[in-house]
Amino acid sequence: MAKTLRGNSDEKNAQLLLRAAVSEDPKAVLRLSRRMLDSGIPAEMICEQFIPDVARLLGQGWCEDDITFTTVTIGSSRLQRILREIGSGKSDDCNGPIDAPETSVLLLMSHDADHTLGVMVLASKLRRAGISVKLSIGETTAALLDTMNSTRFGAIFMSACVEGDLPALRDLVGEIRKFETPTPPIVLGGQIVTQDNHSLDVAGVDKITNDLDQALLFCDIHCKAKI
């Protein structure tokens with residue numbers, strides 16, 4: 001089995017992971033990910049290549065009415081479990097000194113956002129590059145500001161999937177601006193950036209991009225390893 005996995009194309013392994021993620025056996029996807037690791041496939045490749053590929057296939061299947069939204073939700077949840085098992089750091093981990101903002105990022109989604117897999121993949125990727133990440137998903141404004149009161153960040157990355165995510169993020173940006181002066185650079189990314197939408201003019205955001213290298217350069221965040 002290990003030899004077969006190691007010899008598969010990336011596309012074939014992504015298809016295997018997809019079938020495991022939506023199978024009737026809830027533990028199939030974890031067993032497969034462990035076999036991939038045992039075969040010599042790096043965790044980085046599983047987390048940052050195969051899982052995003054499978055997530056896109058799930059979304060495509062739903063859009064084409066090949067799979068139900070329930071199946072997409074279950075599959076995405078199982079992919080997130082892989083990230084927690086073999087990804088870099090825990091979902092709420094900061095992994096670094098609070099006095100090193102040049103290597104720290106606050107990565108957040110609003111409490112109204114439904115899709116969290118993408119930001120978890122991004123958090124894992126940043127941590128592999130030696131960047132300290134605080135992942136905030138659905139926290140209240142009060143809890144988020146309390147985090148910022150105790151930890152210094154070099155940048156704030158915000159993620160939005162659809163236009164409906166923007167009002168909450170717009171309000172949150174205003175609260176952050178009032179709370180901390182000077183405020184770390186705020187970058188907006190996510191699926192919303194790929195859409196032709198005038199609503200991307202979010203008050204207070206310093207940059208809008210899905211290019212991670214560009215975002216890090218803009219915020220002067222230093223990586224200890226290649227992204």
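The values are calculated or read from the model by the stated rules, or taken from the named source; none is laboratory data. Not measured: the values here are computed from a predicted model. Reconstructed Cβ throughout: ideal geometry from the backbone, glycine too, with neighbour counts over all protein chains shown. Please note that ligands, DNA and RNA were not included when accessible areas were found on the heavy atoms of the full protein model with its side chains. Shrake-Rupley method; radii C 1.70, N 1.55, O 1.52, S 1.80 Å.
Between ASN210 and THR183, residue separation times 0.36 nm minus the direct Cα-Cα distance comes to 7.6 nm. The peptide list 153-162, 41-50, put in order of mean Cβ contacts within 10 Å with the highest first, becomes 153-162, 41-50.
Given 0.36 nm per residue, what is the gain on full extension from ARG56 to CYS223 after removing their alpha carbon distance, in nm?
On the way: separation 167, 0.36 × 167 = 60.12 nm, distance 2.74 nm.
The span from ARG56 to CYS223 would gain 57.4 nm if fully extended.
Each residue of segment 130-144 was assigned a 3J(HN,Hα) from its phi angle through the Karplus expression (A = 6.51, B = -1.76, C = 1.60, θ = phi - 60°), giving x, 9, 7, 10, 10, 9, 10, 10, x, 5, 5, 4, 4, 5, 5 Hz with x at Gly and Pro.
For segment 1-85, the share of accessible area belonging to carbon and sulfur comes to 50 percent (1.4 Å probe, ligands and nucleic acids excluded). Can you tell me the relative contact order of segment 125-218? Whole percent, Cα pairs under 8 Å, sequence separation 6 or more. Taking the mean separation of contacting Cα pairs over the length of segment 125-218, I get 26 percent.
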